[in-house]
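The values are calculated or read from the model by the stated rules, or taken from the named source; none is laboratory data. Bear in mind that the values here come from a model prediction, so they are computed numbers and not experimental data. In this analysis, Cβ positions are derived from the backbone assuming ideal geometry, glycine residues included, and neighbour counts consider all displayed protein chains. All accessible areas refer to the heavy atoms of the entire protein, side chains included, with ligands and DNA or RNA removed. Shrake-Rupley method; radii C 1.70, N 1.55, O 1.52, S 1.80 Å.
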Amino acid sequence: MLVASGIADAAHGRDRDVVTAAGADHLVPRGEGFADAVLRLRPGGVDGLIDTAQFTGAADAAVRDGAVIAALRPVAGAAAGRGLRRRDVNVIEHSADTRVLAALRDHVESGALTLRVAAAFAPEEAAQAHAFLEKGGVRSRPVIVF
């Protein structure tokens, strides 16, 4: 999912309700027409973009010069000369940071952050959880409950 100033994309029709519930004011189609669709809504470009769809730079045209882009995957050859600021989001960097993990837990418990759980597995079902994820088409993540 790409989110830009209340504008988001949805890859499949079944994702539209989830994306709208997450706060999107406008939905645009995912794919190479994303940037053009955003620019029709915000002709000067948006101030920031969160790239969870891993477009890896393809959506740069949707943001204004000097904008911030947060992405799940580092982007080589970022748009030069536009002053774009990239923030790579790497969950692994914070996996042992109890302060960050506690803050995330607090956001979940307060309802400020909603988790999408595809299925819950017991620890002894870890192999099934991995197989479930590897088969593809999962719109959220399996969780191992301890």
Checklist entry - Using r as the Cβ-Cβ distance of ASP36 and GLU124, and R0 as 30 Å, what FRET efficiency do you calculate, to the nearest 0.05? => result 0.05
Checklist entry - Which cross-chain or sequence-distant (5 or more) residues have an amide H under 5 Å from the amide H of ARG73, H modelled 1.01 Å from N in plane? => result VAL89
Item to check | Top positive-direction residue, dipole computed over the chain with Cβ charges, set SER140, PHE121, VAL68 | outcome: VAL68
Checklist outcome for this item: In debye to the nearest 20, the charge dipole size for the chain, taken about the Cα centre with +1 at each Lys and Arg Cβ and -1 at each Asp and Glu Cβ, equals 240 debye
Item to check | Table column - 3J(HN,Hα) (Hz), region 58-72, Karplus curve with 6.51, -1.76, 1.60, x for Gly and Pro | outcome: 5, 9, 4, 5, 7, 9, 6, 4, x, 6, 10, 10, 9, 9, 7
Checklist outcome for this item: Under the Karplus relation with 6.51, -1.76 and 1.60 and θ = phi - 60°, whole-Hz ³J(HN,Hα) for region 90-107, x at Gly and Pro, equal 10, 4, 4, 4, 10, 5, 10, 8, 4, 5, 5, 4, 5, 5, 4, 4, 4, 5
Next on the checklist: Based on alpha-carbon atoms only, what is the radius of gyration of the chain relative to the globular estimate 2.2 N^0.38 Å?
Outcome noted: 1.17
Checklist outcome for this item: Largest fluctuation, ALA122, ALA62, ALA35 only, Gaussian network model of the chain with Cα springs under 10 angstrom, belongs to ALA122
Checklist entry - Amide H to amide H, which residues 5 or more places from PHE121 or on other chains are under 5 Å from it, using H placed in the peptide plane? => result VAL143, ILE144, VAL145
Checklist entry - On the accessible surface of the chain, probed at 1.4 Å, how many percent belong to carbon and sulfur atoms? => result 55 percent
